[in-house]
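All of the numbers you see were taken from the coordinates with simple rules; none came from a lab. On a predicted model such as this, the values are computed, not experimentally measured, just so you know. We place every Cβ from the backbone using ideal geometry, glycine too, and count neighbours over all the protein chains shown.
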Amino acid sequence: MTRYHLRSLVCNSVQKVLAILPPDCHRFPAMLAQQENNNKIVPMPKSKTKLEPGVREVPKHGKTKYEVTFFVKGERFRKYFDTKTDANRHAKSISSGKKKSIAGLLALSDEIKIDLLNVYNRATRAGYDLQVACELFERGGEIRTPIKFKDAGEAFLAAKRAKGCRPRTVQTYQYIIEPFALTFGEFDFHEIPKTDVAEWLQSQPIAPRTYNNYLNNLSTVRNWVEAQNNDVGKIDPFSIEEKLLDESDPCIVEIDDVRHVTDPNVKYLESKKVSIVAYVKAACAIKKCGLVVVLVLFCGLRIEEACKTVMADIKINRKKPIVVVRAQVSKVRNKRNVELQPNAVAWLKYAIECGCVLPVTPVEFFLNRKRKLIRTGPNALRHSFCSYHLAKFKNKNETAYLAGNSPDIIDTNYKELVEPEDADEFWSLMP
C-alpha cells in the first residue's frame, strides 16, 4: 500500500469520527474538570440559630436555660426550656395563636365587633371578667328578666302605694327615684355602673345624712326588684361606703328658751326668749297647732301621729288618762296606749278649751307653725319629751314604749341629755 493510499484511509476515518461528534466537542476537557469538582463533597458552614422574639438565653441554677416571656390578660409569665429549639417552638406557637386570633377578629362583621366592644366596656365599668361571665352562664347560672331602672322605679312606687304605705313614705322614695332616673332611667338595672353612681351622688347638693339615705333607699329598691325575679346583676351599684356623720346631741327645748334656732328673717325675735309655757300657750291659740304641739311635747307622739289622732283617742277623763295611738296612725304600725302625766292632762284640757281640733293635715300644721310660732330645732319637741322623760323616770324601756322607739335608740340618743332638776321642772309645767 502506497503512502498515498494510507493517507487517504486515515483522512476518511477522521472525517467519519468528526461527523459523529457534537459541534461543541472542543469543550470536553473543561466539562470533565467541572464534573470532577461537582463530585467533591464540600462541608457547609454551621449557621447560628436565631432566637425568636420573647426568647432569651439566661443562666439558671448554674445551667444555660432559654426563657420565653409572654403575657396573659396583662399579667407577665415566664417559661424555661433546656434547648433553644424548644424555646423557639413555644414562642412561635404563642405568636401563631395571637395572629390567628387577630385574623379571626378582623374577619368578623362590623356588627359583631360593635357588640363585642359594648360588652367589653360594660364588663370594664362593672368590674367583672368576660371569661368568668361566660363560665357562669355555661355552668347554668340563673337567668332573670332584665328591667330598666325607670320601669323598676315606677313598679316599686306602685307596689308601695298598693301595700298601703303612708304618702310621706312613698314621697320620700319618689324624691330619690325620680332624679336618679333622669340619669340612669334608660339603663337596664344590671348595667348601672357603680362608678357612675358614686359620681352622681357626689354631684348632688345634699347633706351627708341625705347622701346616706339615698344609698339606703336605692338599695331597698334594688332588693325589691331582685325579689320580683328581675335581673339586678351580681354587683350592687349602691354598695358604696356611707359618709361619716358628725355626732351631736339631739336638739331639745330648754326650760328658759324654746327658741333654740333663731329665724334670721324675723329681727324682733333675735334677742327675745320665750318660755315653754308661753310657747305652748301661743300654739294653743292656733286651732290647728295646739293639740299637735301638746301631744308631741308632753305625750311623745310623732308629729304625723299627732296630726292623725282624733278627739276620741284622747281619753283624759279616765282614772288613768291615756292617748291611744292606733296602728293605722303609728309609724311602726303597732298600737300603743300612752299613759299621761298630770301636766300633760292639764295641757290637753287647756288646748281643747282654746278650741284646738284634730285631726289636721301635716301641711296645715307645718304652715301655721312656721308662720305664727317661733322656730324650734329639728324635731325639738319630740326629742324634749324623750330626754325629760328618761331623766325623770330613769326607765328607758318605758320611755321607748311611750315614744314608739327602741330602748337602744333611747339609751344612745337621750341618756344624760338633761339634768334631773330640769326634768322635775319640765314635768311640773302647767298652763
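How big is the charge dipole of segment 55-100 about its Cα centre, in debye rounded to the nearest 20, if each Lys and Arg gets +1 on its Cβ and each Asp and Glu gets -1 on its Cβ?
With only Lys, Arg, Asp and Glu charged at Cβ, the dipole is about 200 debye.
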On a full-extension model of 0.36 nm per residue, what is the gain between Glu398 and Asn229, subtracting their alpha-carbon distance, rounded to one decimal in nm? 56.6 nm
Just to confirm a number: summing +1 for Lys and Arg and -1 for Asp and Glu over residues other than Lys396 whose beta-carbon lies under 11 angstrom from that of Lys396, what do you get? -1
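Note the full-extension length gain between Arg56 and Gln202 as 0.36 nm times their separation in residues minus their Cα-Cα distance, in nm to one decimal.
Numbers: separation 146, 0.36 × 146 = 52.56 nm, distance 5.08 nm.
Residue separation times 0.36 nm, minus the Cα-Cα distance, leaves 47.5 nm.
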Using 7 Å Cα-to-Cβ label points, what is the Ala107/Val324 separation (nm, one decimal)? 8.2
With +1 on each Lys and Arg Cβ and -1 on each Asp and Glu Cβ, and nothing else charged, work out how big the dipole of segment 152-209 is about its Cα centre, in Debye to the nearest 20. 620
Taking just the alpha-carbon atoms of segment 342-389, what radius of gyration and Dmax come out, in angstrom? 12.6, 30
Expressed in whole Å with the largest first, what are the equivalent ellipsoid semi-axes of segment 327-431 derived from the C-alpha gyration tensor as the square root of 5 times each eigenvalue? 24, 18, 15
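Apply 1/(1 + (r/R0)^6) to the Cβ-Cβ distance of Ser219 and Asn121, taking R0 = 25 Å, and write down the FRET efficiency to the nearest 0.05.
Numbers: r = 25 Å, r/R0 = 1.00.
According to the calculation, E is roughly 0.50.
What net charge do the residues around Gln174 carry, taking every other residue with its C-beta under 14 Å from that of Gln174, with Lys and Arg at +1 and Asp and Glu at -1?
+3
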Given a cut-off of under 8 Å on Cα pairs at least six residues apart, what relative contact order in percent is computed for segment 267-426? 26
Across the Cα atoms of segment 125-198, what radius of gyration and what greatest pairwise Cα-Cα distance (Dmax) are found, in Å? 15.8, 46
So for segment 55-100, using the alpha carbon gyration tensor with a ≥ b ≥ c as root eigenvalues (a/c under 1.5 gives rounded; past that, a/b versus b/c decides prolate or oblate), I'd call it oblate
The local net charge around Asp82, scoring Lys/Arg +1 and Asp/Glu -1 for residues other than Asp82 whose Cβ lies under 11 Å from its Cβ, equals +3
Just need the relative contact order of segment 61-194 here, percent rounded to a whole number, with Cα pairs under 8 Å and 6+ apart. 19
Mean projection area, nm², convex hull over Cα of segment 54-187: 14.4
Label point distance in nm, Leu136-Ser239, each placed 7 Å from Cα along Cα→Cβ: 1.1
